[in-house]
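Below: one structure, written as structure tokens.
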Amino acid sequence: MNKVLITREVPERFLTDLKQVADVEMYPEQQKPMPREALLAQSKDKTVVITMLSDQIDKEYLDSCPDLKAVINLAVGYDNIDVDYAAQKGIVICNTPDVLTETTAELGFTLMVVTARRIIEAAAMVQDGEWTGWSPYLMAGKDVYGKTVGIYGMGAIGQAFARRCTGFGMTVLYHNRSRHEQAEHELGVTYADFDELIARSDYVVCTAPLTEETRNKFDQQVFKQMKSDAIFINIGRGGHVVEEDLLHAVKNQEILAAGLDVLAAEPIDSDHPFLNEPNIVVLPHIGSASVETRDAMIQLCIDNARYVINGEHPLTPVNKTR
Ligand code: DGY
């Protein structure tokens, strides 16, 4: 019998079909990642592992699982996995694209508006009993409507984000590894080189996947090139940003504000310096977290696992195995 490990608790209702073809073990925790030692120990005899983005699937891990055929990540991003090494070992890696596109773009757009209009700060003021009455500039933020947005990464999520921006009458610039002529044609977005995107945008939004090329892309030099009232939004990965440089840029008013759904090391403690800055909004990596979308992501992982176990091509592989 094939053996499957799922590294976080998912609802039993998803497991019925999988249990017909495999022994399924599941780490019985919703909130906490599987400790590394347990992950290594419990993966040793598995054919398929369904992982979370908090699991590091590196050389040590891949070398310790002789029977492993597939790692299926419950996320569209897979920077937690050594994909090339897995390919060398003939292990297929799958992710969950498409099913989370709209939900993630929706969160990103919401975060942009919430940050610009100081919604979190304003609600906290009311809750803390500090609202003394109306005044002309009370919690006055920055308009989103009609402004210029620069989207870094024009994949599916970048395009879904752009679609929302057009509804707000925004000028949409984008930067991507390669031009996306279809998006230019269908969405009216304009390609800009990175420096132009940074210099012209009122909102700079990172939706790109994290790679060695994009790691630490947003550093002191980049924040200095942004407009002094620019707002930086990150729904990609925390690793794109040199976080001390972002903190410095916001503190010193080199940019106006930042909205972050992702951080370099997650989770953060309550004494993290970002949390003392009213102009930095931090969310707990909830880009794709609607019940409908998380259901669809789990189902896609289970379907991929069943395909692999049945000796068929999985639905959403990201690497080519030999
Ligand atoms: C992903 O799927 O990569 C997202 O970051 C999860 O919310």
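Just so it is clear, none of the values below were taken in a lab; they were calculated from the coordinates. Because the structure is a prediction, the values reported are computed rather than measured. As a convention, Cβ positions derive from the backbone with ideal geometry for all residues, glycine included, and neighbour counts pool all protein chains shown.
Bridging of K217 to lysines at a Cα separation below 21 Å is possible for K227, K251, once same-chain residues fewer than 8 apart are set aside. The alpha-carbon of K46 sits under 22 angstrom from the alpha-carbons of these lysines, leaving out residues fewer than 8 places away in its chain: K3, K19, K32, K59, K69, K89, K320. Across the chain, the relative contact order, built from alpha-carbon pairs under 8 Å that are at least six residues apart, equals 19 percent. Spin-label model, A123/Y85: points 7 Å from Cα along the beta carbon direction are separated by 4.1 nm.
Which number comes out as Rg/Rh for the stretch 175-322 once both Rg and the Kirkwood Rh are worked out on C-alpha atoms?
Dividing the radius of gyration by the Kirkwood radius yields 1.05.
Give, as a single signed number, the net charge of other residues whose beta carbon lies under 15 Å from the beta carbon of F14, with Lys and Arg counted +1 and Asp and Glu -1. Computed value for this residue: -2. Judged by the mean number of other Cβ atoms found within 10 Å, the most tightly packed of the peptides 168-179, 150-161 leads the ranking 150-161, 168-179. With contributions of -39500 (n - 2.57) from each DSSP H run of at least four residues, the per-residue ellipticity at 222 nm computed over the chain stands at -9500 deg cm²/dmol.
The Kirkwood hydrodynamic radius of the chain, based on inverse pair distances between different Cα atoms, is 21.1 Å.
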